[in-house]
Amino acid sequence: MNFVSRDAWCPSDGIQLDQDSLDVVRSHVSQAVQAGPGAGKTELLAQRAAFLLETNTCIAPKKILAISFKRDAARNLKERVAKRVGPELSERFDSYTFDAFAKGILDRFREGLPEWVQPSRNYEVSFPDWRIWKEFGDRPNLDAPFNHETFHPDTVKNGHAYLGRAPSPFPTNRPQPASAVEAMTLAWWTNQLSRTTQPLTFDMVKTLAQTIIHHNPPIKRAFLNSYSHVFLDEFQDTTLPQYAVLKEIFGGSQSILTAVGDNKQLIMTFAGATSERFRQFSTDFNSQNVALASNFRSNQRIVDIVNSMAKTIEPASITVKCSKAADPIPSVSDGIVTFSSDGDEHKGIAEFISREIESGDMNANDFIVLVRQKADDHENNGLGAAFEEVGLALRNEARTIGESGISLQDLSSEPLAQAVVLFIQVATGDRRYRAYPDLIQLMSISHGSTSERSAEQFRLEQVLRKATKAFEEFTTSSDGSFSWDALVDLITVQLGEDKLRRLAQEYKNPERFSKIKNGIAEFLAECSQGAKNWHEVVDRYQGINQVRLMTVHKSKGLEAHTIIFFSLCDESFFYKADMDEEALAFFVAVSRAEQRVFFTRGHGRTVKLEPLYDLLTQAGVPNILAFP
């Protein structure tokens, strides 16, 4: 492998970075990088990876570990790095979510746990709801002297995963509880591990991962010997259990960490994220604090709105510079549109987007409609029908697909779902959207190392040819045996289930793998209704020419030409909403916009939302009679 000297290295693919960003990319120390919306945080990390790998600053065979909050962010970063440095070097770039990283530790080193908290190999990841927390809190069945204690559901939820106020590893032997809450925690663990399925929450998984590292120094050394550099994306949303695992492994080591995020985009406070996390990181890892001040996403007007909101939320925040200051601004770039009824609001949004598309300058994917919560309710209470009335498809990213229990947005980010749909494109001769090279790249992850890539690629191409023939025979058969479940089964068998299971840690769980397969089949069946050909099925599946509807939380990392924040009234927000937290979520919503941002309200009070309207007033966002 021929490496580039550090002085000769420059950003790849014609990417232009300002000097501050270049300094971050080339740094040789740990850094806490606060970068505002539109600053190109993902590209910054991709270019830093390129610098470290192409100059051998990350000395081979050592690797880079990247940890993101969301699965699609982890995948996006991995794909960007692969495009920047090629397949051979990108093998030394591992990109995970916090959950997948912790679960990987547990799955690989489970036997390193103390016996009293060691789950079986077939444990399951669970997601308890409020009812389960309440049932346990009402009847925890504790031993004396705590046998009369009961607990609020929030106490169970917040205290079930670890002992004490902060996440910490479990001791070698089961301890005696020092308080009622500790007794409750120990009883919860006993209860879960005594069940046949041994359900563990992801916070429990993280506690076990921390415990493994703490009690097994050789395992910790293995991680430190593997990873000389660590990237942390959207660091502001890191929770205490996640941070505890990170510190357990890399605290006090020689590994160089780069944490990137923005406290003003902190939206996971309900999960334990806090604005103090950057300060804690700087102390624990002796990091250099860096602030990046460029916005590469939005025009000058949107940046002005974002700056105004930022100063109100955090007076000490830096003023962001617009990198597109010379670009023209739409004649109407922002505004609050008030409607006399909810029905008029639905109709007004749908007709506005329809007009914009019919003008020929825009398409449906240029718009995102954001709601604070309960996207299903908004879709079913008239918004979906209004879009249907004007001939547009509204893609509710939050809705659950059939009986799978998986949201559409989560299904779209599943590597298994991507493999199935990419294969359908290849098998049906659909050469759009780079289907074949993307499928080859995805499948190469599970088909061996790039050092064997010539022989392995030949074998993979043979697999695809055989699978395509089987696909054609099955889909053209007239024996009436076709079903979408059977088709997905055929594709996974032909591509190799054992290989596909390597695409994600959780696919080792047969139930999880089956659930995703069911979700793929159900959504394909839905997309096929009324479709004239395979191209239409694929387009519907991938959301081509559909207007996206999603919650603010799910919009993180996304952008669109025009953002519409729908139903800005009290009833659309949580009953006990913390308006300081809501201001942060509101900031995230506005900062998704490239060119325009609008806010709508129908019939409903706005008393609770007065602080949000104040943010808009201070930013000079006008009330307008109608959409442009």
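The values are calculated or read from the model by the stated rules, or taken from the named source; none is laboratory data. Everything numeric in this text was worked out from a predicted model, so none of it was measured. When we count neighbours, we look across all protein chains shown, and the Cβ atoms used for this are built from the backbone with ideal geometry, even at glycine. Note: accessible area is taken over every heavy atom of the protein model, side chains too, but ligands, DNA and RNA are not part of it. Shrake-Rupley method; radii C 1.70, N 1.55, O 1.52, S 1.80 Å.
Miscellaneous remarks
- Failed criterion for residue 131 (all others in (1) in contact (Cβ under 8 Å) with a residue 12 or more places away in the chain; (2) out of contact with any Phe, Trp or Tyr (no Cβ under 7 Å at 6 or more places or on another chain); (3) more than 22 Å from residue 238 (Cα to Cα) hold): (1)
One line per residue, one yes/no per condition, for (1) touching a helix residue (DSSP H, G or I) at 6+ places or on another chain (Cβ under 7 Å); (2) closer than 21 Å to residue 376 by Cα; (3) open to solvent by less than 30 Å² (accessible area, probe 1.4 Å):
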| residue | (1), (2), (3) |
| --- | --- |
| 501 | yes, no, no |
| 509 | no, no, no |
| 514 | no, no, no |
| 519 | yes, yes, yes |
| 524 | yes, yes, yes |
| 527 | yes, yes, yes |
| 546 | yes, yes, yes |
| 551 | yes, yes, yes |
| 555 | yes, yes, yes |
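- Any chance residue 205 is hydrophobic (A, V, I, L, M, F, W, C), part of a helix (DSSP H, G or I) and over 24 Å from residue 104 (Cα atoms): no
- Of the residues screened, residue 621 is one that is surrounded by 21 or more Cβ atoms within 10 Å (Cβ to Cβ), among the β-branched types (Val, Ile, Thr) and closer than 20 Å to residue 320 by Cα.
- Selection status of residue 97, crowded, with 21+ Cβ neighbours inside 10 Å and polar (S, T, N, Q): yes
- Condition met for residue 202 (touching a helix residue (DSSP H, G or I) at 6+ places or on another chain (Cβ under 8 Å), open to solvent by 20 Å² or more (accessible area, probe 1.4 Å) and within 23 Å of residue 69 (Cβ to Cβ)): yes
- Taken over the stretch 279-303, the criterion of being in contact (Cβ under 8 Å) with a residue 12 or more places away in the chain, assigned to a helix (DSSP H, G or I) and β-branched (Val, Ile, Thr) is satisfied by 302, 303.
- On the stretch given as the stretch 143-167, residues that are within 28 Å of residue 106 (Cα to Cα), in contact with a helix residue (DSSP H, G or I) (Cβ under 7 Å, 6 or more places away or on another chain) and either open to solvent by less than 90 Å² (accessible area, probe 1.4 Å) or of a type in the set (Gly, Ala, Ser) (or both) total 10.
- Candidate set from the stretch 403-425 (those that are of a type in the set (S, T, N, Q) and not in a helix (DSSP H, G or I)); member that is modelled with the lowest pLDDT: 404
- In the stretch 589-608, of all residues being more than 23 Å from residue 332 (Cβ to Cβ) and not charged (D, E, K, R), the one that is most open to solvent (accessible area, probe 1.4 Å) corresponds to 603.
- Scanning the stretch 302-321 for residues that are among the acidic types (Asp, Glu) and modelled with pLDDT of 90 or more yields one hit, 304.
- Filtering the stretch 40-56 to residues that are touching a residue at least 60 places away in the same chain (Cβ under 8 Å) and touching a helix residue (DSSP H, G or I) at 6+ places or on another chain (Cβ under 7 Å) leaves 42, 44, 45, 48, 49.
- All helices (runs of 4 or more DSSP H) inside the stretch 525-628 with 3 or more residues being more than 30 Å from residue 423 (Cα to Cα), touching a His at 6+ places or on another chain (Cβ under 8 Å) and not hydroxyl-bearing (Ser, Thr, Tyr): none
- Set 517, 556: member being of a type in the set (D, E, K, R) and modelled with pLDDT under 95: 556
- Qualifying residue in the stretch 363-379 (condition: touching an Asp or Glu at 6+ places or on another chain (Cβ under 8 Å) and modelled with pLDDT under 95): yes
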